[in-house]
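Engineer: Handing you this structure, nothing more for now.
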Amino acid sequence: MTHDLVFTNGRIFARGGTHRADVAVDGDRIAAVGTGLTGRETVDLDGGLLVPGFQDAHVHPIAAGVQVLRCDLTDRRTAGEYLRTVARYAAARPDLQWIVGGGWAMEAFPGGTPTRHALDEIVPDRPVYLPNRDSHGAWVNTRALEVAGIGPHTPDPADGRIEREPDGHPSGTLHEGAADLVGRHVPAATDAELDAGLRAAQERLFSVGVTGWQDAWVGPGLHGHRDLLPVYLRAASSGTLRARVRGALWWERDRGLEQLPELLDRRTAVGRFTARTVKIMQDGVAENFTAAMTAPYRHGHGAGLSFIDPESLKTYVTRLDAEGFQVHVHALGDRAVREALDAIEAARTANGPRGNRHHLAHLQVVHPDDLDRFAALDVTANLQALWACHEPQMDELTIPFLDPVLAARQYPFAALRDAGARLAAGSDWMVSSPDPLAAAHVAVNRTAPDGPAERPFLAHQALTLGEFLTAYTEGSAFVCHRDDETGRIAPGMLADLAVLDRDPFARPAAEIALTRVRRTYVGGEQVFNAG
């Protein structure tokens, strides 16, 4: 039999390892896996590896795409580079009312907190608003503070903190909900910008082998964030959305169950897009002391913030579960993880197992007493592996301030695996790189792709390459409710595939990050070719 398309002369990833086989595709499905297959079109793997298309279980692609179109700081590294980029961007656009962009890293500034004065020197007359790379804070100039009416006597919001100068005046860094005090005044992105951002992001994700994802923030929310649901619906209806996407509708943390009818109205499925998940952000991040921990940060920085009262969280998750929503929780500190697990346990007690596939993302610190609860409650551990290494943000802004016991429990991937937790994986792009292979390098080596190999970070928590690639394919397909058709190379599955330029299983682990994607296919259609 002659098939439409055959991949040959390489290996395939299956069952956590690799083996030599051909793969045939007819239409949008895998037709056969074996040897001696023939096709009207043949792709020579040239000794490379064919993998199921990666699926990113926690990503912000539209925001990432729009940022690229604005004052993008993500490829810069120092305070000087950031300021020069902002100055050039502003000078080239004298008619812009606001200078907006973002992507700066906290470690580029003393204490992770840049000042308004540095921005005032280059843009004194227009407001500047620059969220950092993890979107848990923003850098603003004096004019932006004035527009928002923020001064020495402005109180911190309940869900954030204003960095201040000795006299109480805001210094220019706004954490968490405090960033929204300015963000709500920023002109919203236009439909054209959002549509272009999605197209740009989709192409970037295809280039790293990602064929589907869960967008972790679809809806109005903080920092002037526009509702992204219409963006996806336009793309799905027009056919420009070629990836398979599940949208996580945003839970507004300053509201309660009165928003449930709105979420039910927004639940939808169009083409390759579905929105049947609700995202809840339960805490912040460790670098600004807002991740909720069971022990206080050192040097008097408190124990972090629970953005939603834990008892209220139980009520909300129970109702969402009863309505058939999947719940996707940002839980970074071990107290937030426990509060999220408590809420899911309350939902199971009230509703029984409903198969909604709830998952917790980030999991920077997990208390040992809570590890077994993931499997017991059927909660997937959604891992963002790129952060599990020694790098400036970890070494300068996290470890020195975390309780030492908690610091030794960070990113417990192996402990979650050993406890029987189902693992999924994602990038949190635009916070970090969208490249699954860079993340795989860190998950296996516990070192940064460009960092020293002799200093792994908590090496006993490493995963094998097979375990992590399974998480990024089959595991993420499960949390996106697509595991019946994607995530594995087998007859009958959709032909969502990525061709790697080598078999990383046959190379030293220290070389994983050198692996590149040569081609990407969605439903048998080539959507990326590295040339």
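The values are calculated or read from the model by the stated rules, or taken from the named source; none is laboratory data. Model, not experiment: these values are computed from the prediction. Don't worry about glycine lacking a Cβ; one is built from the backbone with ideal geometry, like all the others, and counts go over all protein chains shown.
Engineer: Just checking, does the range 440-451 include any residue being surrounded by fewer than 21 Cβ atoms within 10 Å (Cβ to Cβ) and either of a type outside the set (Gly, Ala, Ser) or modelled with pLDDT of 95 or more (or both)?
Structural biologist: Yes: one or more hits.
Engineer: Separate question: In the range 426-453, which residues are within 13 Å of Ala509 (Cα to Cα) and not in a helix (DSSP H, G or I)?
Structural biologist: If the condition is that a residue be within 13 Å of Ala509 (Cα to Cα) and not in a helix (DSSP H, G or I), then Arg446, Thr447, Ala448, Pro449, Ala453 are the ones that fit.
Engineer: Oh, and also: Within the range 328-339, is there a residue that is of a type in the set (A, V, I, L, M) and either over 28 Å from Asp435 (Cβ atoms) or part of a loop (DSSP other than H, G, I, E, B) (or both)?
Structural biologist: Yes, because at least one residue in the range 328-339 is of a type in the set (A, V, I, L, M) and either over 28 Å from Asp435 (Cβ atoms) or part of a loop (DSSP other than H, G, I, E, B) (or both).
Engineer: Still on this structure, please answer the following. Any idea how many residues of the range 480-498 are free of Cβ contacts under 8 Å to residues at least 12 places away in the same chain and either touching a Pro at 6+ places or on another chain (Cβ under 8 Å) or surrounded by 17 or more Cβ atoms within 10 Å (Cβ to Cβ) (or both)?
Structural biologist: Final tally of qualifying residues: 1.
Conditions tested, residue by residue: (1) in the same structural domain as Asn132 (by TED's automatic domain parsing); (2) touching a helix residue (DSSP H, G or I) at 6+ places or on another chain (Cβ under 7 Å); (3) under 22 Å from Pro220 (Cβ atoms).
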site: Met281; (1), (2), (3): no, no, yes
site: Glu287; (1), (2), (3): no, yes, no
site: His301; (1), (2), (3): no, no, no
site: Tyr316; (1), (2), (3): no, yes, yes
site: Ala322; (1), (2), (3): no, yes, no
site: Gly352; (1), (2), (3): no, no, no
site: Leu363; (1), (2), (3): no, yes, no
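Engineer: Can you tell me which residues in the range 341-385 are of a type in the set (Gly, Ala, Ser), over 19 Å from Pro412 (Cβ atoms) and assigned to a helix (DSSP H, G or I)?
Structural biologist: Ala343, Ala346, Ala347, Ala350
Engineer: Could you identify the single residue in Arg446, Arg455, Arg482 that is closer than 18 Å to Thr380 by Cβ, over 14 Å from the mean Cα position of the chain (by Cα) and basic (Lys, Arg)?
Structural biologist: Details: Arg446 fails: closer than 18 Å to Thr380 by Cβ; Arg455 fails: closer than 18 Å to Thr380 by Cβ.
From the options Arg446, Arg455, Arg482, the qualifying one is Arg482.
Engineer: Could you check Tyr232 against (1) surrounded by fewer than 18 Cβ atoms within 10 Å (Cβ to Cβ); (2) closer than 26 Å to Arg70 by Cβ and say which number it fails?
Structural biologist: (1)
Engineer: Counting only residues that are of a type outside the set (A, V, I, L, M) and touching a Ser or Thr at 6+ places or on another chain (Cβ under 7 Å), how many does the range 275-289 have? Can you show your working first?
Structural biologist: Initially, the range 275-289 is screened for residues of a type outside the set (A, V, I, L, M), giving 276-277, 279, 282-284, 287-289.
From what is left, the residues that are touching a Ser or Thr at 6+ places or on another chain (Cβ under 7 Å) are 282-284, 287.
Of the residues in the range 275-289, 4 are of a type outside the set (A, V, I, L, M) and touching a Ser or Thr at 6+ places or on another chain (Cβ under 7 Å).
Yes or no, residue by residue, for (1) surrounded by fewer than 19 Cβ atoms within 10 Å (Cβ to Cβ); (2) not charged (D, E, K, R):
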residue: Thr42; (1), (2): yes, yes
residue: Gly47; (1), (2): yes, yes
residue: Ala64; (1), (2): no, yes
residue: Arg77; (1), (2): yes, no
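Engineer: Out of the range 499-510, which residues are part of a helix (DSSP H, G or I), surrounded by 13 or more Cβ atoms within 10 Å (Cβ to Cβ) and not aromatic (Phe, Trp, Tyr)?
Structural biologist: Within the range 499-510, Pro504, Ala509, Ala510 qualify.
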